[in-house]
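S.K.: Got a structure for you, written out below as structure tokens; questions coming shortly.
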Amino acid sequence: GAVVSQHPSRVICKSGTSVKIECRSLDFQATTMFWYRQFPKKSLMLMATSNEGSKATYEQGVEKDKFLINHASLTLSTLTVTSAHPEDSSFYICSAVGGGSGTHPYEQYFGPGTRLTVT
Amino acid sequence: AQSVTQPDIHITVSEGASLELRCNYSYGATPYLFWYVQSPGQGLQLLLKYFSGDTLVQGIKGFEAEFKRSQSSFNLRKPSVHWSDAAEYFCAVGITGGFKTIFGAGTRLFVKA
């Protein structure tokens, strides 16, 4: 149980275009989802926290107009990188915190990540 | 402020040798503690977690970790390392307010034959 998926697993886009990454909790309802960014050989940097039906809370230094987060349902959150540039190339990972059987309220369940390359 | 320190950026051990990866945290309340492993280009896999109770926690793949409150540590151990254990290991602390998780910088494990 407690599986989180991400789609796509990797994407290449041209500079100036936008790209959407989906994060889904497959077998539980995610009350809270998190989006992380990971630079090569670095740790995970929390970008934002999203709760279903409300606006995301962004960490300091993260541009909310560039990284649009929508948590439309208890099983789906999306991250849209708008007007992407090469410096946005990175590995993006989502995680979810859920409720109900099979989950712990303080344990995050991670997706497999999305490799974004902006050319 | 809450923080997680993994003092070793990388460690090299011989296959079959024992392993200990260090983790120290700074957090005012009782922490929720995690160890994750990440292979190149992959997501994070949970090795083990500590929420309460027995301070020696068993995880997957033969790993264990011990929570020592007096030392604010949660070191990861394995008695005999396999070549497939070569990966990046992250220690993390769960923050009870807001459900956030703070990650250490990671320790890259190299295994030599």
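The values are calculated or read from the model by the stated rules, or taken from the named source; none is laboratory data. No experiment lies behind these values; they were computed from the predicted model shown. Virtual Cβ from ideal backbone geometry, glycine too; neighbours counted across all protein chains shown. Heads up: the accessible areas ignore ligands, DNA and RNA and are worked out on the full protein's heavy atoms, side chains in. Shrake-Rupley method; radii C 1.70, N 1.55, O 1.52, S 1.80 Å.
S.K.: Is it the case that A:Glu52 is without any contact (Cβ under 8 Å) to a residue 40 or more places away in the chain, among the acidic types (Asp, Glu) and either surrounded by fewer than 16 Cβ atoms within 10 Å (Cβ to Cβ) or closer than 17 Å to A:Thr114 by Cα (or both)?
M.R.: no
S.K.: What about A:Cys94, is it farther than 25 Å from B:Gln45 by Cα and open to solvent by less than 30 Å² (accessible area, probe 1.4 Å)? Reasoning before the result, please.
M.R.: On the way: farther than 25 Å from B:Gln45 by Cα: no; open to solvent by less than 30 Å² (accessible area, probe 1.4 Å): yes.
So A:Cys94 fails the test.
S.K.: One residue is enough: does the stretch A:3-26 have a residue meeting the conditions modelled with pLDDT under 90 and either within 23 Å of B:Val93 (Cβ to Cβ) or away from chain B (no Cβ under 14 Å) (or both)? Step through it out loud before you land on a result.
M.R.: Step one: filter the stretch A:3-26 for residues modelled with pLDDT under 90, giving A:3.
Next, only the ones that are either within 23 Å of B:Val93 (Cβ to Cβ) or away from chain B (no Cβ under 14 Å) (or both) stay: none.
So far as the stretch A:3-26 goes, no, none of its residues is modelled with pLDDT under 90 and either within 23 Å of B:Val93 (Cβ to Cβ) or away from chain B (no Cβ under 14 Å) (or both).
S.K.: On to the next question. Tell me the strands (runs of 3 or more DSSP E) entirely within the stretch B:70-109 that contain at least 2 residues that are open to solvent by less than 10 Å² (accessible area, probe 1.4 Å).
M.R.: On the way: elements: B:73-78, B:87-94, B:101-103.
Here the list reads B:73-78, B:87-94.
S.K.: Select from the stretch A:36-48 the residues that are facing chain B (nearest Cβ under 9 Å) and not in a loop (DSSP other than H, G, I, E, B) and write down the one among them that is least open to solvent (accessible area, probe 1.4 Å).
M.R.: Looking only at the stretch A:36-48, we keep the residues that are facing chain B (nearest Cβ under 9 Å), and these are A:36, A:38, A:41-46.
Narrowing the set further to residues that are not in a loop (DSSP other than H, G, I, E, B) leaves A:36, A:38, A:44-46.
Details: A:Tyr36: 2, A:Gln38: 17, A:Leu44: 18, A:Met45: 81, A:Leu46: 29 Å².
Once the filter is applied, the top-ranked residue is A:Tyr36.
S.K.: Of the residues that sit in the stretch A:1-35 and are over 25 Å from B:Thr101 (Cα atoms) and part of a strand (DSSP E or B), which one is most open to solvent (accessible area, probe 1.4 Å)? Steps first, please.
M.R.: At the first step, the residues of the stretch A:1-35 found to be over 25 Å from B:Thr101 (Cα atoms) are A:11-19.
This time we only want the ones that are part of a strand (DSSP E or B), so: A:11-13, A:19.
Details: A:Val11: 29, A:Ile12: 130, A:Cys13: 15, A:Val19: 14 Å².
Looking at the filtered set, the residue picked out is A:Ile12.
S.K.: Exactly one condition in (1) open to solvent by 20 Å² or more (accessible area, probe 1.4 Å); (2) more than 13 Å from the chain's Cα centre (by Cα); (3) within 14 Å of chain B (Cβ to nearest Cβ) is false for A:Asp65; which is it?
M.R.: Checking A:Asp65 against (1) open to solvent by 20 Å² or more (accessible area, probe 1.4 Å); (2) more than 13 Å from the chain's Cα centre (by Cα); (3) within 14 Å of chain B (Cβ to nearest Cβ), the one that fails is (3).
S.K.: Here are some conditions: (1) within 27 Å of B:Pro31 (Cβ to Cβ); (2) in contact (Cβ under 8 Å) with a residue 60 or more places away in the chain; (3) open to solvent by less than 10 Å² (accessible area, probe 1.4 Å). A:Ala84 meets all but one. Which one does it not meet?
M.R.: Exception for A:Ala84: condition (1).
S.K.: Could you tell me whether any residue of the stretch B:45-59 is surrounded by fewer than 16 Cβ atoms within 10 Å (Cβ to Cβ), of a type in the set (Ser, Thr, Tyr) and modelled with pLDDT of 95 or more?
M.R.: No, there is no match, as no residue in the stretch B:45-59 is surrounded by fewer than 16 Cβ atoms within 10 Å (Cβ to Cβ), of a type in the set (Ser, Thr, Tyr) and modelled with pLDDT of 95 or more.
S.K.: Can you pull out the residues in the stretch B:9-43 that are surrounded by fewer than 19 Cβ atoms within 10 Å (Cβ to Cβ), among the hydroxyl-bearing types (Ser, Thr, Tyr) and under 17 Å from B:Arg77 (Cβ atoms)?
M.R.: Matches in the stretch B:9-43: B:Thr12, B:Ser14, B:Ser18.
S.K.: Only one residue in B:Lys112, B:Lys78 is in contact with a strand residue (DSSP E or B) (Cβ under 8 Å, 6 or more places away or on another chain), farther than 17 Å from B:Trp35 by Cβ and more than 14 Å from chain A (Cβ to nearest Cβ). Which one? Reasoning before the result, please.
M.R.: Working: B:Lys78 fails: farther than 17 Å from B:Trp35 by Cβ.
When all the criteria are applied, what remains is B:Lys112.
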